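For reference, the structure I am asking about is given below.
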Amino acid sequence: MAGKKKQQQGKNKSKSSSSSNRALLQEDQHGDNDNNEPVSKMMKVKQQARRKPSSLQKFLAQHGLKIFIAIVAFIASAHYSNLAMMKTLSSLTPKQKNLHHLLTSFVCDATDDQGKKIGYCHEALEPHLDHRTHTIRDGHQVRKGEIIMILPRHLLINDLDAVQDPWTKKNLLGAKHGTHDSYIFPEMHRLFYRTFNYVDAGAYLAAYCVRRHKLAFGNWTRGVSAGEPIYIDSVDDHMLPFFEVLPTFSDLKESHPTLWSDDFLHEQFGSWKCNVMGNILAFRTMIFGEYEAFCMKSVEFCANVKPEEFIAMRINVLSRSFGMGPAANAIVEEEAVSKPEFDKLKRMNVHFDKGMRAMAPVLDMWDHHPRANSQWVYNGKDRAFVITATGSGFSPGSEVMVSYGKFTETHLFTKFGFINGDGSGWTEASVSAFHQLIDFKLEPQFAYLPMDKKKKLNTYMWDGWQRKGQNPRDLLHYLKYDDIGESYCIDVKNPSHEAQSYLKGIKFRIMQTWTRDRNRWTVNASPRNLKAKPPRSSYDPPSDPLPPRLLHGSLKFKMTSLLDTCMLIALSPADFKGKATELMANVVSKERQNYLKISKDMKKEHGQTKGALTHRSLVCLRRLSQSAMSLYPRTIFNERNHIKTLVKDGKFRSREWTAAHVRLSELETLEGVYNNTLEQLDVIEKEKDRKVKELQLDSVDHVLMKTEPCPDRLAFDDFITEFERRIIK
């Protein structure tokens, strides 16, 4: 009982104590206790500070709801965006899905065999499936010096891979053009018959890629057993997505001129003698001849690879491969080729010391412009193509473009199958108005004649002409004028014309050799639009559908080689102090005609720097450029109007539009040559009378040129009969 009372007293005491504490606290809070006044003020300040909201609290109070709504909207947008992407991807064809994979992750997320990331893409790159390329995302830009993409060696297929492949080594290496009678392309057989030239390394790369693609699907047979083909098991290939998006034969038939029909080519470019037609035929002959050579070398290859499959891949190698530089830069130690094997490959026309090529996924999808704001280079140390922004970089919405190299518009068209159409590229043209060129500067890739430099230059010349279905006598069209005087024509049956007839025969023989040298007949001119910049998209028609119409003298080119050709054509026995015939005969006897430079060597030796020969050669060049322009189906004026009409009709980038721009580029180059000769002739004409003595002319008749050619009987029939009797035999 006493214990309970004590507990109750303790409780009462604690209650009274707590009550007194609350009373004291209330006095402090209300300021009733004077002694605690400073303490109470301090407590007030603290409590007010606690009650005052921070700036973050104020911001959240004002904008919290908006932020919450924005976050919800973003999450919903991302969700629906992913749903839309999934829906879009589900609607794509298998080829489009491969293309999407290629543009988004094939290179960007590439890893090596150990799982280490080795590929890279700039975050601003956005895939554009319709145009098979990348654009720059909205709100992004790529500045000068920034890396756009890193394409590792792991994703490249180069020509070293091809020639080192055991199957290729055993079955294809060493294939040659024209070793057997053709049965696949009989209509073209004469073009590569019996040259025995080794095929180009690009042909091995194409064959290797075709075989890898087929092996990935198990579509390669190694023979027949009991009448049934024996298929090789399929092989996993990480490059399959790349193979699957490459243009097919049917795609290339529309875009690449080597596969256009002869009827369409003649409709667009006229005669085969037209410069661009000769280039197209050369590439076509090379590709068809390579397939023929492989079939002659390997029955297994021919049984597995259809002509269309090889041709399509060969065009892809031709137009989509990128240079890695010489072997010293492109090959690492583990890929090194032994010196004996390296020398053997060189003998087989595989020149890795001069450069290697590689199929380069994604990089090959970016369009070309000669002034693209980017540059690519193969970095041998890092074993990758590194593409970097240059110039002003790339702005939002613009397509990524690169430069494939410095090509004329004709070469760009015949090799790659397109043209920019803004006058940004160099141009070329040929004055070979009466014959088809034999040389197209494709060596060592291809040549119509044997490339064995040890053989005499004239040995195969006549055979080369016949191979192209031409008559060597066509060259006599160039000598038909006998430009010594207005009324003068060489008659081989006239004894008094014996010296002139003999010189004409020598000139004819030299010209046969010169048909091998493309530089003797063609000229390259500077771009017509030096201010042209890459468009935002190569698929959008430009605001101005035509390159600028240049004033006379705006094009820059060297005509030295063309003038040299015309000096030979216009040469007379009186030139070089009456020693012209002797000098030319000496050149032919020593077979130095391929190295002959009349405008340089002979002038230097004999002191004739100006005179009647210079005048006659300029008139000859004027005549040839005019004759060459007549080969095209339209004049420059009509061509420019035709291009405007094509753009207006929605045919921008069509094959008709592309062909029209190529024609225009060659026509305007020829016009530039024509105007240049007129300018030089005007100077000579104005000073002719004053300089007759200085030029050492007996009469002005040496300078006057014929306006009409000599009769065919004198120019062709009688001459060639006599020439064959005296010189050929």
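Specify whether the C-alpha gyration tensor of the stretch 341-434 places it in the rounded, prolate or oblate class, a ≥ b ≥ c being the square roots of the eigenvalues: rounded for a/c under 1.5, otherwise prolate if a/b is larger than b/c and oblate if not. All intermediate terms of the calculation are to be shown ahead of the outcome.
Working: a/c = 2.65, a/b = 1.09, b/c = 2.43.
Oblate is the answer for the stretch 341-434, as a/c is 1.5 or above yet b/c matches or exceeds a/b.
Here is a follow-up. Say each of residue 67 and residue 354 gets a label point 7 Å from the Cα, pointing the same way as Cα to Cβ; how far apart are those two points in nm?
Roughly 6.8 nm, to one decimal.
Also, I was wondering about something else. For the stretch 476-550, what is the accessible area per residue in Å² when the probe is 1.4 Å? Intermediate results must be reported in sequence, preceding the final value.
On the way: 3300 Å² over 75 residues.
Value for the stretch 476-550: 44 Å² per residue.
What shape does the stretch 382-450 take by its C-alpha gyration tensor, where a ≥ b ≥ c are the square roots of the eigenvalues and a/c under 1.5 counts as rounded, a/b above b/c as prolate, and the rest as oblate?
On the way: a/c = 3.80, a/b = 1.82, b/c = 2.09.
It comes out oblate by the Cα gyration axes.
Please label the shape of the stretch 93-151 as rounded, prolate or oblate, based on the square roots a ≥ b ≥ c of the eigenvalues of the alpha-carbon gyration tensor (a/c under 1.5 means rounded; beyond that, a/b larger than b/c means prolate, else oblate).
Details: a/c = 2.79, a/b = 1.04, b/c = 2.67.
The shape class here is oblate.
Based on the mean of other Cβ atoms within 10 Å per residue, sort peptides 131-144, 507-520 so the most packed one is first. Present the calculation step by step, with values, prior to reporting the outcome.
On the way: 131-144: 16.2, 507-520: 20.6.
Peptide ranking by packing, descending: 507-520, 131-144.
Output wanted: per-residue J couplings in Hz (rounded whole) for the stretch 524-529, from phi through Karplus 6.51 cos²θ - 1.76 cosθ + 1.60, θ = phi - 60°, x for Gly and Pro.
For the stretch 524-529, the Karplus curve yields 9, 10, 5, x, 7, 9 Hz.
What figure, in Å² to the nearest 10, do you get for the accessible area of residue 288 with a 1.4 Å probe and non-protein molecules left out?
30 Å²
Something else about it: By per-residue mean of other Cβ atoms within 10 Å, what is the highest-first order of 160-167, 427-434?
Working: 160-167: 18.6, 427-434: 24.2.
Most protected by this proxy first, the peptides run 427-434, 160-167.
Of 533/556; 170/381; 144/648; 170/339; 406/531, which sit over 26 Å apart, Cα to Cα? Spell out each step's value before the answer.
On the way: 533/556 20 Å; 170/381 31 Å; 144/648 36 Å; 170/339 19 Å; 406/531 16 Å.
Going by Cα-Cα distance, 170/381; 144/648 fall outside the 26 Å limit.
Estimate the FRET efficiency between residue 477 and residue 556 by the formula 1/(1 + (r/R0)^6), using the beta-carbon distance for r and 45 Å for R0, to the nearest 0.05.
Numbers: r = 30 Å, r/R0 = 0.66.
E between residue 477 and residue 556, to the nearest 0.05, is 0.90.
Tell me, what % of the accessible area of the stretch 297-399 is carbon and sulfur with a 1.4 angstrom probe?
Details: 2150 of 4220 Å².
On the stretch 297-399, the fraction of accessible area on carbon and sulfur atoms equals 51 percent.
With point charges of +1 on the Cβ of Lys and Arg and -1 on the Cβ of Asp and Glu, referenced to the Cα centre of the stretch 249-408, which listed residue (332, 285, 363) lies farthest in the positive direction of the dipole?
332
Right, another one. Using Cα pairs closer than 8 Å and at least 6 residues apart in sequence, work out the relative contact order for the stretch 310-384, in percent.
Details: 55 pairs, mean separation 35.4, N = 75.
Contact order relative to length: 47 percent.
Just to confirm, what accessible area per residue do you get for the stretch 189-312 at 1.4 Å probe, in whole Å²?
Per residue, the stretch 189-312 has 39 Å² of solvent-accessible surface.
At R0 = 25 Å, how high is the FRET efficiency between residue 707 and residue 493 if r is their beta carbon distance? Nearest 0.05 is fine. Each step should come with its number before you reach the end.
Values: r = 25 Å, r/R0 = 0.99.
Computed FRET efficiency for residue 707 and residue 493 comes out at 0.50.
Among 370-377, 307-314, how do they line up from the highest to the lowest mean number of other beta-carbon atoms within 10 Å?
On the way: 370-377: 19.2, 307-314: 21.6.
Averaged packing, sorted descending, gives the order 307-314, 370-377.
Pop the C-beta distance of residue 544 and residue 105 into the FRET formula with R0 = 41 Å and round what comes out to the nearest 0.05. Don't jump to the answer; show the numbers that get you there.
On the way: r = 39 Å, r/R0 = 0.95.
Result of the calculation: an efficiency of 0.60.
The values are calculated or read from the model by the stated rules, or taken from the named source; none is laboratory data. The structure displayed is predicted, hence computed values, not measured ones. Cβ sites come from the backbone with ideal geometry, for glycine too, and all protein chains shown count toward neighbours. Accessible surface areas use protein heavy atoms only, side chains included; no ligands, DNA or RNA. Shrake-Rupley method; radii C 1.70, N 1.55, O 1.52, S 1.80 Å.
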